[in-house]
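For reference, the structure is listed below as structure tokens.
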Amino acid sequence: MITMKDIIREGNPTLREVAEEVVLPLSDEDIKLGEEMMEFLHNSQDPVKAEELGLRGGVGLAAPQLDISKRIIAVHVPSGDLENPEPTLSAVMYNPKILSHSVQDACLGEGEGCLSVDREVPGYVVRHNKITLSYVDASGVKQKIRLKNYEAIVVQHEIDHLNGVMFYDHINQENPYALKDGVLVIE
């Protein structure tokens, strides 16, 4: 079971490396890793389990954050809608790749955080508002999906980890809250 002690922190060189493609067909080891990453996200979002295990809440996790330089991400975005509690996005993605993106950019009004960063980093993290993405699922089937708004931002944050990029690399160092015209701020 993955816990916070398994997550490496900023400064570890693995977080700055470009991760290796996952070999297909998927190995049992890579499938199990994906399952454990998803289990961590579920546990981190369950208030009782998170407290019991000392987990920080997360909606995404990338294999490099576990000191495993492979192109694997898990995302689990819970629904904010009590009427429809199904997550808006829940998937383990092997070799995810952004195929295209919108001209429209967006950022989260509250900024971003990261399980590998133990400090608050203020500022807007500007990303694409919409993306089209391909990936291989745990069954070895190639998928293609379109995402927008929060879900697109979460996936881009995790794919950045596969490319050695941290979220704060996107923040304007001189003026962290500077935005170009037309950037959508998602509250």
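Taken about its Cα centre, region 82-131 carries a charge dipole of roughly 320 debye when the Cβ of each Lys and Arg holds +1 and the Cβ of each Asp and Glu holds -1. Using a probe of 1.4 Å, the accessible surface attributed to Cys114 totals some 10 Å² when neighbouring protein chains are kept in position. Between the beta carbons of Met1 and Ile145, assuming R0 = 41 Å, the FRET efficiency works out to 0.90 to the nearest 0.05. The share of C-alpha pairs in the chain whose separation exceeds 25 Å stands at 33 percent. Structure remark: mean-square fluctuation, Gaussian network model of the chain, C-alpha springs under 10 Å; the largest value among Tyr177, Tyr94, Tyr124 belongs to Tyr177. Here Val154 sits with roughly 10 square angstrom of accessible surface, probe radius 1.4 Å. Ranked by solvent-accessible area (1.4 Å probe, protein heavy atoms only, all chains present), the residues Lys5, Lys148, Lys70, Lys49 order from largest to smallest as Lys5, Lys148, Lys49, Lys70.
Once the C-beta distance of Leu82 and Val23 is scaled by a Förster radius of 41 Å, the resulting FRET efficiency is 0.45 to the nearest 0.05.
If you place +1 on the Cβ of every Lys and Arg, -1 on the Cβ of every Asp and Glu, and leave all else neutral, what size is the dipole of the chain about its Cα centre, to the nearest 20 Debye?
Numbers: 17 positive and 31 negative charges, 120 e Å.
The calculation lands at about 580 debye.
Quick check: net charge around His170, other residues with Cβ under 10 Å of its Cβ, Lys/Arg +1 and Asp/Glu -1?
Values: positive: Arg127; negative: Glu112, Asp160, Asp169.
Its environment carries a net charge of -2.
Peptide packing: for 13-22, 159-168, 81-90, the average count of neighbouring Cβ atoms within 10 Å per residue gives the ranking 159-168, 13-22, 81-90, highest mean first.
Residues with beta-carbon under 15 Å from that of Val185, excluding Val185: net charge, scoring Lys, Arg +1 and Asp, Glu -1? Kindly include the intermediate steps, with their values, before the conclusion.
Numbers: positive: Arg127, Lys148, Lys180; negative: Asp105, Glu110, Glu112, Asp181, Glu187.
Here the charged neighbours net out to -2.
Solvent-accessible area per residue in region 4-186 equals 53 Å², computed with a 1.4 angstrom probe and all protein chains kept.
What is the percent carbon and sulfur in the accessible area of the chain, measuring with a 1.4 Å probe over the protein chains and ignoring ligands?
Ligands and nucleic acids excluded, carbon and sulfur reach 50 percent.
The values are calculated or read from the model by the stated rules, or taken from the named source; none is laboratory data. Since we're looking at a predicted model, the values are computed, not measured. Counting neighbours? That spans all protein chains shown, and the Cβs are built from the backbone with ideal geometry, glycine included. Accessible surface is based on the protein model in full, side chains and every heavy atom, while ligands, DNA and RNA are left aside. Shrake-Rupley method; radii C 1.70, N 1.55, O 1.52, S 1.80 Å.
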